[in-house]
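Before any comments, here is the structure.
The values are calculated or read from the model by the stated rules, or taken from the named source; none is laboratory data. Computed from a predicted model, the values in this text were never measured in an experiment. Cβ sites come from the backbone with ideal geometry, for glycine too, and all protein chains shown count toward neighbours. What goes into the accessible areas is simple: the full protein's heavy atoms, side chains included, and nothing from ligands, DNA or RNA. Shrake-Rupley method; radii C 1.70, N 1.55, O 1.52, S 1.80 Å.
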Amino acid sequence: MITDQLSEMMIRSGRVGSSELEKALSIQEQSGQVLTDILIEEELASPNDIALTFSELLNIPYLDLGEEFHLKRDEYDMIPESVARRFCLIPLVKEEGVAITLVMKNPLDMDAVDTVRSLTSYEIHKAVSTEDKIKTIIDKCYKEEAYVEAGLQDIMDVETQIQEDAAFETNLGDVDQLLVHANDAPVVRYVNLLLMEAVRDRASDIHFEPGENSCTVRLRIDGTLHVVTPPPKSLYQAVITRIKILSEMDIAERRLPLDGRFKFKFSGRVVDVRVSSMPLVFGEKVVMRILDKQSLLLDLEDIGFEGEKLKRFKEILGMPNGIVLLTGPTGSGKTTTLYSALQVLKSPTRNVQTVEDPVEYLIDGINQMPTRPKIGLSFAECLRHILRQDPDAVMIGEIRDSETAEIAMRASLTGHIVLSTLHTNDATSSFSRLRDIGIPSYLTAATMRLIIAQRLVKTICPNCKTVYQPDAGELEWVKPVYADAPQWTYYHGAGCNQCRNSGLKGRRAIFEFLEVSPNIRELVHEEVDDLTLRRKAIAGGMQTLAENGFQRVKEGNTTISEAINVCMVD
């Protein structure tokens, strides 16, 4: 019996005496408790002794989970917090998609192994550690939000008592005083913790907003703003000054909007932060844009391209000339798709050049040029210079005027593949938008190869995903697009700590994919109206945003309400 072997090994190793073991066995006989728990509770053996004995007996690794140890998000996302706490275990990826290692308090617990196997369908390997160390990792990983929030609140509670006095308020105009307070340990720690929380929660922005007697700090996560612990009003300007120091902005200038940027290192990777300030009635509002390259440089498959769309997009990117346009409102993921396309284009045999305002992410192997309107270096002027350097592919951050658009189109006619963005609501209205800014239809028809209208839908949190039945009102939106919608299985998120109880976590792109066929070219050349062009494109096989959005609903990736929020239902 394994328990007898464990007892023998503990005695043989000297970790427990025979009399102590007899006492523990006597208690076990009466209570029915697990022997190892009794040994620890009665202080007959230490948790470390138990773990080391398990390691020797079962020939499995013993892991000393120190303070620096941290699970990756995709590791602890595999197992719900309730399971991790119930069985006191954490998962480590051993072989991607094949096996995981469970670090366990009790590696003899087969219920724990069977439960995790049913949740993940992975082969299970075991390791052992102590209960307190495993629980510390669980608290850090599954409760990151609460952990960081508690840290922020502790800093602010202590600092409020110290600093909330009239003398500090009267010195806010003194630059030397601002420098002193901005470099105080609590202010520095507050900013650092907030940046840490933002990156861990995949936030795109941090907003600092002053009020008359208080202030607000919010994180934008998956497109939605969430309030987090703010500093007291008395420390607000010190926090803003700290951010301006990091961003190399003028801390004495609070009357004009300012811009800056800085970098910091997090979990072994460098994160860029772009900062802008704006003077308001009660102080400066500051927005910090988190530019995490790891979250941006995705494969096209990760963004949402699949099947024939993915194949055709890559084929068009490989063509020697033509224009590819990404359309959609601000925040629809156009930049992410463009950068992912650049990853496809990047090659030692190609000269790939970008013009951006500003350059958000630096990519090795790509020549990136920022615009500088103040000295006359506009998109159009940048393009003129780029075309003299024999590029194979050009990415233009945005087409805003006729001059930029016309140079881009003439560049495509002379043997360049050009990628850019345009602000329109759908793919087909891009042609009328280009006409509006003064581009001749014959030029658009001759150069355009692909237009992709894009939106981002929030995806259902995998940790709390559950089946539900939508009401008749919701189904009425779907039935005109898919007649078999009442027969689908629908899912939503019940809400948990991993998704801030929203039921949604992460976003995925949906597309309207308009490949410019000869028939479409002819209609563009004839300057037909948007509605006629749209009907012809749909008749030719174009899947609309609504169709693609509800397809994601059918696949169980998102909800009806989320698809309706971002799609135009024709």
For a test of the definition: using alpha carbon positions, the gyration tensor, and the 1.5 limit on a/c, classify the range 427-473 as rounded, prolate or oblate.
prolate
Taking a probe of 1.4 Å, how large is the accessible area per residue of the chain, in Å²?
46
Quick one, which of (1) 23.7; (2) 29.3; (3) 27.8 is the actual Kirkwood radius over Cα pairs in Å calculated for this model?
(3)
Averaging sequence separations of C-alpha pairs under 8 Å and six or more residues apart, then dividing by the length of the range 421-570, give the relative contact order as a whole percent.
32
By how many degrees, between 0 and 90 and to the nearest 10, does the Cα long axis of helix 307-317 differ from the longest principal axis of the chain?
50
Counting other Cβ atoms within 10 Å, keep those with at most 16, restrict to DSSP loop, and tell me which GluC sites (Glu not before Pro) in the range 487-570 are left.
Glu526, Glu527, Glu555
If you roll a 1.4 Å probe over the chain with all protein chains in place, what percent of the accessible area is carbon or sulfur?
49
With R₀ set to 45 angstrom, the calculated FRET efficiency between the beta-carbons of Asn321 and Val83, to the nearest 0.05, is 0.25
With contacts defined as alpha carbon pairs under 8 Å and 6 or more residues apart, what's the relative contact order of the range 302-411 in percent?
24
All-pairs alpha carbon distance profile, the range 379-449, 10 Å steps from 0, percent:
20, 59, 21, 1
Run the dipole for the range 13-127 about the Cα centre, Lys and Arg Cβ at +1, Asp and Glu Cβ at -1, nothing else charged, and hand back the magnitude in debye, nearest 20.
200
The extension gain from Arg189 to Tyr442, computed as 0.36 nm times the residue separation minus the Cα-Cα distance, is 85.2 nm
Give the relative contact order (percent, whole number) for the chain; include only Cα pairs under 8 Å separated by 6+ residues.
8
Could you tell me which of Thr120, Leu362, Ile407 has its Cα farthest along the dipole of the chain towards the positive end, charges placed at Cβ (Lys, Arg +1; Asp, Glu -1), taken about the Cα centre?
Ile407
Can you give me the distance in nm between label points at Glu8 and Lys346, each placed 7 Å from the Cα along the Cα-to-Cβ direction?
5.9
Taking the range 182-270 as the region of interest, what is the percent of Cα-Cα pairs per 5 angstrom bin, listed from the shortest bin to the one with the maximum distance?
3, 12, 22, 25, 24, 11, 3, 0
Relative to the chain, whose Cα atoms define the longest principal axis, helix 131-142 and its Cα axis are tilted in degrees, nearest 10, by 20
Restricting attention to the range 9-51, which GluC sites (Glu not before Pro) occupy a DSSP loop and are surrounded by at most 16 other Cβ atoms within 10 Å?
Glu42, Glu43
By per-residue mean of other Cβ atoms within 10 Å, what is the highest-first order of 198-205, 539-546?
198-205, 539-546
Helix 334-345 sits at what angle to the longest principal axis of the chain, using alpha carbons and giving 0 to 90 degrees rounded to 10?
90
